[in-house]
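Presented below is the structure to which this report refers.
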Amino acid sequence: MNIKKHTDLVKEIVEIANFIPLEQTLQLYKFALILKSQASSHEEVSDNINIDEELWKAQFAKTSDDKLANLVKLVETEIDKGATMPMFNKNGDFIECQ
């Protein structure tokens with residue numbers, strides 16, 4: 001597959017926009033805006049995930065192993081008693097809390 005340079009792709013997009021009717025050019029523009037917003041959203045999400053991971057690492061570093069072990073025991077007790085709710089149905093779809 002021949003990978004084109006960014007500038008070449010931009011030129012080809014301009015050629016396409018000049019060739020197609022105005023209504024389709026508007027659709028192309030709107031689609032490009034969607035792609036642009038998703039790109040910045042992905043970067044923001046990635047940044048937020050990295051920040052969140054660092055906060056969790058710091059929190060776990062401050063928490064003693066005994067406290068974590070006790071938390072695990074509490075969770076296992078709730079599961080054993082059937083006091084938890086499933087997160088997914090039999091089809092694997094997420095179940096919203098009701």
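The values are calculated or read from the model by the stated rules, or taken from the named source; none is laboratory data. Keep in mind that what you see is a predicted model, and the values were worked out from it rather than measured. Glycine gets a Cβ as well: all are built from the backbone with ideal geometry, and neighbour counts include every protein chain shown.
Of note:
- ALA61 part of a helix (DSSP H, G or I), loosely packed, with under 10 Cβ neighbours inside 10 Å and either of a type in the set (Gly, Ala, Ser) or touching a residue at least 24 places away in the same chain (Cβ under 8 Å) (or both): yes
- LYS11 being basic (Lys, Arg), assigned to a helix (DSSP H, G or I), at pLDDT 90 or above and more than 29 Å from the chain's Cα centre (by Cα): yes
- Condition met for GLU43 (within 25 Å of the chain's Cα centre (by Cα), part of a helix (DSSP H, G or I) and modelled with pLDDT under 85): yes
- Given (1) acidic (Asp, Glu); (2) modelled with pLDDT of 90 or more; (3) surrounded by fewer than 10 Cβ atoms within 10 Å (Cβ to Cβ), index of the condition ASP93 fails: (2)
- First in segment 82-98 and part of a loop (DSSP other than H, G, I, E, B), second anywhere and β-branched (Val, Ile, Thr), Cβ under 7 Å, 6 or more apart: PRO86/ILE95; MET87/ILE95; ASN89/ILE95
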